[in-house]
Amino acid sequence: MRDSSKTNQYLIAKISALKKRNQELEYSEAESKRTEQEMTILSDIGRLIDSTLDIHEVYEQFAAVAKKLIRFDSLTINLYNFHENTLRAAYVSGLGIDGRRQGDLIVLEGTLSETVIRARKSLLIQPVSIDEIIGQFPKLSPIFQAGLRSIMCAPMIFRNKAIAVLHFRSKKKNAYTERDLRLAEKIAMQITGAVANAQLYAGLKKTEQELKESELRYRELSTIDDLTQLYNSRHFHYQLKIELDRSNRFEQPLTLLLMDLDNFKAFNDTYGHVEGDQVLSRLGQVIKRCVRVTDFAYRYGGEEFIILLPMTRPKDGVAVAERVRAEFRKEAFTPVSGQEIHMTLSIGLAQYKLQEDLKAFVHRVDELMYQGKKSGKDRICCES
């Protein structure tokens with residue numbers, strides 16, 4: 001009987017050892033599969049990060065992939081601005097906290113992010129006493145009020161500097177383990193490069209946009225006459241080439257008006273350049289009021305002005321010229337107190353002839369304007 005009892009004990013111990021061994025193997029196999037899955041998902045995060053420079057797209061894809069590794073009810077990425085000592089909620093996913101929204105600025109002082117950034121170490125908070133942890137970190141109150149009970153924070157370090165903090169939060173008590181914390185650190189490392197690259201890309205895009213705006217402003221300054229706020233002769237020659245090409249290609253009418261202030265030199269010599277500039281400026285205002293948005297108005301040089309009228313025949317061009325001439329004659333100038341002076345214009349007008357040379361066209365209109373001068377001024381001359 002003793003031998004039988006010993007045999008049973010031996011068999012029981014053997015079976016127990018085998019069960020334990022099988023459990024260990026199963027656990028080891030499960031751990032191996034979990035580790036393999038983690039490595040695969042971390043690799044997926046790396047690939048999606050390399051696939052785009054659109055940081056918002058990166059965040060969205062990252063949150064979806066990260067959830068396969070770590071369950072969370074709230075995930076946020078807070079970017080750190082060390083110049084201003086502030087945080088910006090660059091990405092917010094899941095449960096809202098105290099109305100916080102993506103893009104909101106957060107004062108760094110007293111936050112978990114501050115602790116993580118200063119120490120450059122991760123944090124795992126799963127308090128037994130909420131009051132106790134709020135006493136240490138008052139700014140956590142909205143998080144716990146939102147029903148969250150477990151928090152993990154991992155620093156995102158780039159070139160030895162913390163540039164952001166990744167937060168995982170769960171409504172479940174004791175939701176995270178030390179292993180989860182190490183995994184959060186790995187995930188933070190994976191996305192840090194994307195955030196840094198996206199920030200650099202955004203900075204370059206901003207610089208590029210600023211350069212474009214500066215270039216546009218420079219072009220405006222280089223093509224706008226300061227005194228009249230009309231285009232200058234540089235813009236005229238540029239735009240005229242475009243309009244001549246369009247007219248030739250589509251056989252569309254194009255009319256040009258060239259106007260010159262009558263007796264302007266005498267006015268300038270008598271009353272001075274300041275009063276003369278007033279005349280030029282007011283003529284620019286009149287011309288602006290009289291043209292369509294599709295027309296182009298220029299101060300060509302000195303007291304000469306040009307209006308370029310696309311898709312316009314001479315008959316309609318004359319109507320524009322008459323309107324400008326009539327409106328400008330109403331303008332009263334008082335270089336001397338009690339004395340009103342009214343100025344007049346001589347205007348030449350012609351339609352472009354298909355395939356005509358640019359210089360020949362302008363010269364033809366110029367000749368018509370001088371013909372008006374010779375005929376007594378204050379008139380419009382156009383080809384019959």
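Some notes on this structure:
- Protection proxy ranking of 282-294, 316-328 - average other beta-carbon atoms within 10 Å, highest first: 316-328, 282-294
- Cβ-based exposure ranking for K265, K67, in which fewest neighbours within 10 Å come first: K265, K67
- Projected over every direction and averaged, the convex hull enclosing the alpha-carbon atoms of region 233-382 yields 8.6 nm².
- Among the listed pairs K265/K353; K121/K172; K265/K374; K265/K288, a Cα-Cα separation exceeding 25 Å is found for K265/K353.
Values in this text are rule-based calculations from the coordinates and carry no lab data. Worth saying up front: this structure is predicted, and the values here are computed from it rather than measured. Glycine also receives a Cβ, built like all others from the backbone with ideal geometry; neighbour counts cover every protein chain displayed.
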